[in-house]
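Here the structure is laid out as structure tokens; the discussion comes afterwards.
The values are calculated or read from the model by the stated rules, or taken from the named source; none is laboratory data. If you're wondering where the values come from, they're calculated on a predicted model, not measured in any experiment. Please note: Cβ atoms are built from the backbone with ideal geometry, for glycine as well, and neighbour counts cover all protein chains shown. Accessible surface areas use protein heavy atoms only, side chains included; no ligands, DNA or RNA. Shrake-Rupley method; radii C 1.70, N 1.55, O 1.52, S 1.80 Å.
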Amino acid sequence: MKQNPDYKDRLLEIHGTNMWNGYHVQRAIEFAKKFDLTGIIFHCNDIIDRAIKPDKYFSPNVSLLSYNNRDGDTKNYKYYLHNIIDKITDAGLEFYVEVKEIYYPHEILSEFPHLRHENGAVCPTDPFWWEFLEEKIREFVERFPKVSGVIVSAGTRESMVSLAANKCTCERCRGYDMERWYRELIGAMFRPLDAAGKKLIVRDFSYTADHQYAMVDAARDVSEKIIMALKKVPHDYYPTFPDNPTVGNCGGLTQWIEYDTWGQYFGLGILPCSVAEDMQGRMQRYLAKGASGVMLRTDWERLLMGSTFNSFNLFNLIAGAMLSQDVNMNLDEAYQAWLKFGLLSPLEYDACPQQPCVPTSPQALPVLRELMQRSWKILEKSIYVRGHVFNRNAQMFDRYFLTYFIMTVQHTRDHWDKGASQKVQPTDENIAIMMREKDEAVELAKSLRELVHPEELGVNADIQRYLNFVLDVYVVYTEIFRQQLLTAALTKRAEESGSEEDRKRAQETLAPYEQLAQRLDLVVRGKGYSNNVEYVMDGDRVRRFAADVENVLAQVCVPKGGKTE
């Protein structure tokens, strides 16, 4: 390990339900110590609300007599968090919680019914929220004094109360300034944390470029002590997107950079994939722009029983930990450290202990390194389209609307790569380029059979089983995305033109879907694999997509006849 690490703060983030599993947390502690990380983050939107009532609003008797279930739940979470925080800090690691605010227990609305207005919306500008938030944070750090700080996504669309997603129509909300609202939220959290000597880290959770800088400005207005947490690219963890322009533009604020190591947008750990090469370049550039911390996410809140710890993508976590200490290291050292640590299979539930498999063949290193690197090339050309996101969290699509909505609206590149969406519009030229990209993905997937011979790598039966699964599933996975792109592009063209000829061309693309779904089912169904395998590789999504396109095309306008055939 480098004597003076390049990044001072190096944190492992647990984002899913694994944080409530003592076995998994102990595994994370041991990993953090082995790879010289400095702390662990529990990322759960309402983790503070699970452990804090607060007492100011729910005295012991009120809590017990009126809200008995929640009274019992908060006790349970308090004991667990006290216990687990002791284990983490006794290991010499810092502990952080990561939340989205404003969150609140539902019982608050019973005690303070004025917060809900006539249209049913909860008012985000009521002054009560700043009192409530400050009291909640004050009690939290008082009850859990070993916590190093709180990381917050302030007022996002995923918060329970947010001006950004506000449906309240009261006069105060209509005239409320967004930047003022951010300052009030951040200030309400900063005051009790700073008084207790704790850190506040404010995340950039932005959908637009303007929103990014508004959050930085609000944080700076509250205090120069606040730390900014910035994703490696704008908005979310897409490896194809340009660097996050906010990095290096935070004034005097300390900057931490967030990385996903599991694969929300690159296979969810079901498909092996290295993003270490991408991480290395970004860590080098962001270090030069003054960043001093990294956060390495290991799972995702919406999925159960999966993480980097039951995946070949554990390599990304190892590489991220090593790169955060020496951004200029030779990545071969990370590949070697991964194989020395041992291989794990995502075909098993994450809660089922696996004995890591250390390959015995000298061929394992060059073969598995190439597998991880080539797999990213496959995913880049299959579940992205000319750099645009073309997947639903690594899943294939189950309805047509999402294809262009995700590419050009929800996960658009346009805010950071002006005019990018024009590259995926259904012109003849664009379709030809996009389909060449998808053909290349299929051919690369087929080439894996020439590269990987599981029985020759000196690995156990479980890892051989997983590698054979990868070889079996990858080709049909890429073929499905190829077909869905062709269908989406031609359907969009038919919608725009209203041409019967265009409608028929789109209709003709639907013929292969049932066979593709059956091929996928043969690899996945009835095998006893983990739930996350079926989440990513669900043949019924393919069938629903084809049926949805059929319905869409039936509504396409056609010349005067008025009916489609």
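Annotations
- Largest first, the residues 56, 446 sort by 1.4 Å accessible area into 56, 446.
- Its Kirkwood hydrodynamic radius, worked out from the mean inverse distance over all distinct Cα pairs, puts the range 297-337 at 11.1 Å.
- Surface analysis of the range 11-103 yields an accessible area of 38 Å² per residue, using protein heavy atoms and a 1.4 Å probe.
- Whether the chain is rounded, prolate or oblate, judged on the alpha carbon gyration tensor where a/c under 1.5 counts as rounded: oblate
- Cα-derived Rg over Rh, computed across the range 301-424 with Rh taken as Kirkwood radius: 1.05
- Environment charge of residue 200, counting only residues whose C-beta is closer than 9 Å and scoring Lys/Arg +1, Asp/Glu -1: +2
- Fraction of accessible area attributable to carbon and sulfur, the range 295-339 (%, probe 1.4 Å): 44 percent
- Added length on full extension, which subtracts the Cα-Cα distance from 0.36 nm per residue, residue 289 to residue 46: 84.2 nm
- All aspartates and glutamates inside 17 Å of residue 504 as judged from Cα atoms, apart from same-chain residues fewer than 8 positions distant: 428, 495, 496, 548, 550, 565
- Summing charges over neighbours of residue 438, with a neighbour being any other residue whose Cβ is under 12 Å away from its Cβ, gives -2 when K and R count +1 and D and E count -1.
- The overall shape of the range 413-534, judged from the alpha-carbon gyration tensor, is prolate: a/c is not under 1.5, and a/b is greater than b/c.
- Listed residue pairs exceeding 25 Å between alpha carbons, taken from 146/289; 75/100; 232/446: 146/289; 232/446
- Note on the range 65-213: the alpha carbon radius of gyration divided by the globular reference 2.2 N^0.38 Å gives 1.13.
- Per residue accessible area of the range 258-367, 1.4 Å probe, in Å²: 29 Å²
- Unsatisfied cross-links (Cα-Cα over 32 Å) in the set 167/418; 56/231; 340/527; 225/340; 2/418: 56/231; 225/340; 2/418
- Neighbourhood net charge (10 Å Cβ-Cβ; Lys/Arg +1, Asp/Glu -1) for residue 402: 0
- Relative packing of 114-126, 183-195, which averages over residues the other C-beta atoms within 10 Å, highest first: 183-195, 114-126
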